[in-house]
1. Please tell me if Lys119 is surrounded by 15 or more Cβ atoms within 10 Å (Cβ to Cβ) and of a type in the set (Lys, Arg).
2. For the range 52-79, enumerate the residues that are within 14 Å of Ile7 (Cα to Cα) and in contact with a Leu (Cβ under 9 Å, 6 or more places away or on another chain).
3. Modelled with pLDDT under 90, β-branched (Val, Ile, Thr) and over 11 Å from the mean Cα position of the chain (by Cα): does that describe Thr52?
Amino acid sequence: MLSKQDITRKILEGLPEDDRPSYEDACHAWWMNFRDGGGMRLTPTGYLAISTFDIESFTFDVPPGLPAKPGQLLTLDRKLDCPYFIKLSKQPQLVVFGSQQATMLALYGDLEKFLNYLKRL
């Protein structure tokens, strides 16, 4: 899997030069935790940027309480090794940009069980 720095560079290369932000601006705008070693969670701007390219994504419904549970968010941040986005609404969704992780989440069929699996890694 590519690092977020590599993903950011590839997306920037695909943008027209007149619409292309600097690498630093893109990192700050597209990633929730832009530091090296930080998680792969995308901001709404990052989600739009990565969605403009033909990158396979998988969408899962998640419990409405997910965005309010810091422990679960930390597990996703520390253990999920592909870009992901949490769509906030009455029925939140988790959008995963990695087929292996999406397959595991689909096999577990439950976000809580999937997060327990990730904690063991």
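The values are calculated or read from the model by the stated rules, or taken from the named source; none is laboratory data. Just so it is clear, the model here is predicted, and its values are computed rather than measured. Here Cβ is always computed from backbone atoms with ideal geometry, including for glycine, and neighbour counts include all displayed protein chains.
1. In short, no.
2. Hit for the range 52-79 is Thr52, nothing else.
3. Taking the combined requirement at face value, the residue satisfies it.
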